[in-house]
Amino acid sequence: MLTPPIPENEMGRLMSLSDFDLDYAGQKDNFKDLTKLAAKVAGTEMSLINLIDSYTQWTISSHNLELEQMPREESVCQYVLMGDETLEVTDLSADERFKDRAYVTGGPHLRYYFGIPLNVNNHNIGALCVVDQHAAKNLNPEKVELLTIIAAEIVKRLNYMKVIDDLKSNLSEAKETQRKVAHDIRGPLSGIIGLAKLIQEQGDENQMEEILEFMNLINKSGRSILELADEILTAGDKDKNLPELKANEFNLLVFKDKLEKLYVPQAMNKRIRFTVNTSSASETIPFSKNKLLQITGNLISNAIKFTPDHGNVTVALDLVEDKDANVLQIKVKDSGVGVNTDMIETILNGNARSSNGTSGENGYGFGLALVKHLVESLKGTFNIISTQGDGATFEVKLPQPPKQKK
């Protein structure tokens, strides 16, 4: 078996990819115009935009080829990660690295490949590739230059999307501040209105006609402001039956749905039973989604990798409520080969090395190191419970921002 290529800056590359905090399954509409354009420019039948993490090549957009993901070690694009140059394979069936791959020997019977790296901060996070069922396209320099421009546009769009996500997050925070201000002014306004009403009721005794008239105006003005506060508080509450999530939030139900869409195909490929369970008591409570798909996805991919066929991988999600701040708990449990004490210590010290999976999958050694880094950056904890030969449980606890008092 060929040794998979690993860039020298692999950890930095993975961190650059994780900075985008992407939901890989939700990007097709954002890039379908560019994938179609790439195929038209190259004169090929198909094109794809692939992003590659520790374990998986994620196809975030494609033209004329239905593909969502594949193991990293089976991809052609993994070789594009190695440098700044494009990669052209005129006949995949004649190349020792790819001739036995399922996409060459069976449908869609690919022959030609041309890939361009997607470079972010001097890290190749993936590739734009054009592919065809016929060999030897031999793209001319003009077409290569146009494809390079499209690849650069893909990176620009990824960066724009990140900026937009940040703006949405800030807007959500601004709206929350607006709601808090509205809540804060309700009390004083209610007091003013109550006082005005009291003076009105006792006005004849005080014989203060001018004050009564003045307080009547205060009463009317106060009620107008109070109505405005009510409008602010009820804005956006058109459907109160649905949990209200900001742009930067998940709840357990949404998080579960995302994980199932992304990782059920990987589990099915190894005939592994994959389940995601949530705590019903807290499944609609919002929490920060920051880096959650990257953290949990790496743990799930690792569990699938080291679990034999017909095994089990279970994810348990819970949000433990506290009066000051909630804690998100993620447990990924597998029925795989397990991890010995020395390896657990090595992983938790950030010095994990690569090893092969149960079906011969190549290891990359950076997935768990990335998890540790991301969890620590979020002020959380990462723990491993395992006995060699008896599966493993990976536990992550992430404190959530303190609740805003209303």
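The values are calculated or read from the model by the stated rules, or taken from the named source; none is laboratory data. The shown structure was predicted, so the numbers you read here are calculated from the model rather than taken from an experiment. Glycine also receives a Cβ, built like all others from the backbone with ideal geometry; neighbour counts cover every protein chain displayed.
Annotations for the structure displayed:
- Hits in the range 272-316 - residues which are surrounded by fewer than 16 Cβ atoms within 10 Å (Cβ to Cβ) and touching a Gly at 6+ places or on another chain (Cβ under 8 Å): ARG273, PRO308
- Search result, residues across the range 264-285 that are among the hydrophobic types (A, V, I, L, M, F, W, C) and part of a strand (DSSP E or B): PHE274, VAL276
- Residues located in the range 14-29, provided they are more than 19 Å from HIS373 (Cβ to Cβ) and in contact with a Lys or Arg (Cβ under 7 Å, 6 or more places away or on another chain): ASP23, ALA25
- From the list THR59, THR35, the one residue that fits, being touching a His at 6+ places or on another chain (Cβ under 6 Å) and on the phi < 0 side of the Ramachandran plot, is THR35.
- Within the range 362-406, being modelled with pLDDT under 90, under 19 Å from the mean Cα position of the chain (by Cα) and surrounded by fewer than 16 Cβ atoms within 10 Å (Cβ to Cβ) holds for one residue alone: PRO401.
- Residue match in the range 135-143 (condition: of a type in the set (Gly, Ala, Ser) and either in a strand (DSSP E or B) or modelled with pLDDT of 95 or more (or both)): no
- Apart from one condition, ARG97 fits all of (1) assigned to a helix (DSSP H, G or I); (2) assigned by TED's automatic domain parsing to the domain that holds ILE52; the exception is (1).
- Cβ separations smaller than 6 Å between residues 6+ apart or across chains give the following pairs from the range 106-128 residues that are hydroxyl-bearing (Ser, Thr, Tyr) to residues that are in a strand (DSSP E or B): TYR112/ASP132; TYR113/VAL89; TYR113/VAL131.
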